[in-house]
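Data first, discussion second: the structure below is written as structure tokens.
The values are calculated or read from the model by the stated rules, or taken from the named source; none is laboratory data. Since the model is a prediction, treat every value here as computed from it, not as a measurement. Note that each Cβ is placed from the backbone with ideal geometry, even for glycine, and that neighbours are counted across all protein chains shown. Just so you know, the surface numbers come from the protein's heavy atoms only, side chains and all, with ligands and any DNA or RNA stripped out. Shrake-Rupley method; radii C 1.70, N 1.55, O 1.52, S 1.80 Å.
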Amino acid sequence: MLSRSVLPRVASRLGLGLHKRANGPPARCSALATKRKSHYEVLGVAETATESEIRTAYRSLAKSWHPDVSDEDDSEEVFMAINAAYAVLSDPGERGAYDNVWRYCQEQLNADDLGRPLTQEEMERAAALDKLEAAHQEAERARRMAKEARRSRERAKKAAALQ
């Protein structure tokens, strides 16, 4: 049986803030589903919205809720939520991962028995999330290596210019 340990890591990158319990689903699935709006609800679009519909909704909301424009007291928090929603939904990879984690939490909230074993579909989703996490870690490693290589080239150029 696949572990669910990858869910909190992926979810935290997607802004869902899940925390894993010792047994069963992440502890904040119920809080996530009841207290927070989905990114689609934040932008006011359907889950089947196209990239252009998401971009149009984002631009419209960003213009009206920008802290420099809006007189509302909570405009900064709303604007940050709009930006976070657009950041996730504008990237097809992150959008897919977000959809999987969101659906998982919705299913766990609606399940009668939260301690039940994973279904085949949930196992496949967990495997997909494991692959996503591995790809993310590899990309982060590649970015760190490229950054270090760039810094060492800059140091070498400075050293050569001083000589």
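Hey, any hits in the stretch 19-28 for a residue that's assigned to a helix (DSSP H, G or I) and either modelled with pLDDT under 50 or open to solvent by 50 Å² or more (accessible area, probe 1.4 Å) (or both)? Within the stretch 19-28, none of the residues are assigned to a helix (DSSP H, G or I) and either modelled with pLDDT under 50 or open to solvent by 50 Å² or more (accessible area, probe 1.4 Å) (or both).
Scanning the stretch 60-73 for residues that are open to solvent by less than 70 Å² (accessible area, probe 1.4 Å) and part of a loop (DSSP other than H, G, I, E, B) yields His66, Pro67, Ser70.
Being assigned to a helix (DSSP H, G or I), at pLDDT below 80, closer than 29 Å to Cys105 by Cβ and within 21 Å of the chain's Cα centre (by Cα): is that true of Glu138 here? Before the answer, list the steps.
Details: assigned to a helix (DSSP H, G or I): yes; at pLDDT below 80: no; closer than 29 Å to Cys105 by Cβ: yes; within 21 Å of the chain's Cα centre (by Cα): yes.
Taking the combined requirement at face value, the residue does not satisfy it.
Among the candidates Leu43, Leu14, the residue that is open to solvent by less than 60 Å² (accessible area, probe 1.4 Å), outside the structural domain of His136 (by the TED database) and at pLDDT below 85 is uniquely Leu14. Could you go through the stretch 88-107 and let me know if any residue there is under 25 Å from Ser38 (Cα atoms), open to solvent by less than 60 Å² (accessible area, probe 1.4 Å) and in contact with a Phe, Trp or Tyr (Cβ under 6 Å, 6 or more places away or on another chain). Yes, the stretch 88-107 has at least one match.
Pairs linking a residue in the stretch 80-101 that is over 20 Å from Ser60 (Cα atoms) and assigned by the TED database to the domain that holds Ala62 to a residue that is open to solvent by 40 Å² or more (accessible area, probe 1.4 Å) and hydrophobic (A, V, I, L, M, F, W, C), with Cβ atoms under 8 Å and 6 or more positions apart or on different chains, are Gly93/Leu132; Glu94/Ala87; Ala97/Leu132; Asn100/Ala128.
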